[in-house]
Amino acid sequence: MSNNYFCFKQFAIVQDNASMKVGTDGVLLGAWCSCAGARRVLDVGTGTGLIAIMAAQRSEAQVAAVEIDSNACIDAITNIDNCPWADRIELFNLSVQEFAADCPDRFDLIVSNPPFFSNSLKAPSQGRALARHDDTLPVADLFSCAAQLLTDNGRLSLIIPVDRLADYNTEAARHHLTAVRRAMVRPNPVLPFHRAMVEYGYGAALLTDETITIETDEHGIYSPEYISLTRDFYLKF
């Protein structure tokens, strides 16, 4: 998925300037997060605009897309302007901390494929380091901003490495948010689960818990659950 142009069924993503290209994590989260009935959606760290556009395709919501990296915003502007739902998506070249400080709105869904590496060797590219490492968006800030911006019945939907799950759950609890929906993701039936998609909300404990295996035991053959989840987007399905 490293080409500079990626075509989906109803839109295309140019990615000449963004450090983080279209990837499986973003597509998974954009297809999985709970958009039904949402009136306002916030995509934190939108990058190329992919998840914001997917949310607009899957709902009638007004979508705010926040991105701190000006280079990524160049691509996001192009992608949003050229998608069928441009009139419902607004891009903000800000950190989410700055956005939250001045935003009067509350959101039914906040979705983020966050920078999740912490205290690890950074990529040589400044833009890629910004997109992958949590220096500018620590877990504590992500949950603090989400708690400020969510409606009472709102959800925070994330995709994170499995080995960071405990950290995220601990921080969620500090803001009285509980995991209400979760999907554990693995590349194939042999390999361990490497990602967790988690939705946090107020009130009820975990309601649904599922697993998603991307490929079958035959390389290049996708599982029925992965095809079902992403078929509205990928041309190959």
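Please treat every number below as a calculation from the coordinates, not as lab data. Every value quoted in this text rests on a predicted model; they were computed, and no experiment measured them. Note: ideal-geometry Cβ built from the backbone for every residue, glycine included; neighbour counts use all protein chains shown.
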With -39,500 (n - 2.57) per DSSP H segment of 4 or more residues and division by the full residue count of the chain, the 222 nm estimate, nearest 500 deg cm²/dmol, is -8500 deg cm²/dmol
Going fewest to most other Cβ atoms within 10 Å around each Cβ, V198, V44 line up as V198, V44
Rounded to the nearest 5, the percent of antiparallel DSSP beta bridges in the stretch 5-230 equals 40 percent
Connecting every pair of Cα atoms under 10 Å apart in the chain and solving the GNM, the largest mean-square fluctuation among L206, L42, L177 falls on L206
Heads up, the chain by the C-alpha gyration tensor (a ≥ b ≥ c square roots of eigenvalues; a/c under 1.5 rounded, else a/b over b/c prolate, else oblate) looks rounded
Proxy exposure order for I227, I13 (fewest C-beta within 10 Å first) is I227, I13
The relative contact order of the stretch 5-230, taking Cα pairs under 8 Å that sit 6 or more residues apart, comes to a percentage of 16 percent
Whole-Hz Karplus couplings 3J(HN,Hα) for the stretch 75-87, θ = phi - 60° and coefficients 6.51, -1.76, 1.60, Gly and Pro as x, run 5, 4, 4, 4, 5, 5, 4, 9, 8, x, 10, 4, 6
By the mean-Cβ-within-10 Å protection proxy, highest first, 60-70, 166-176 rank as 60-70, 166-176
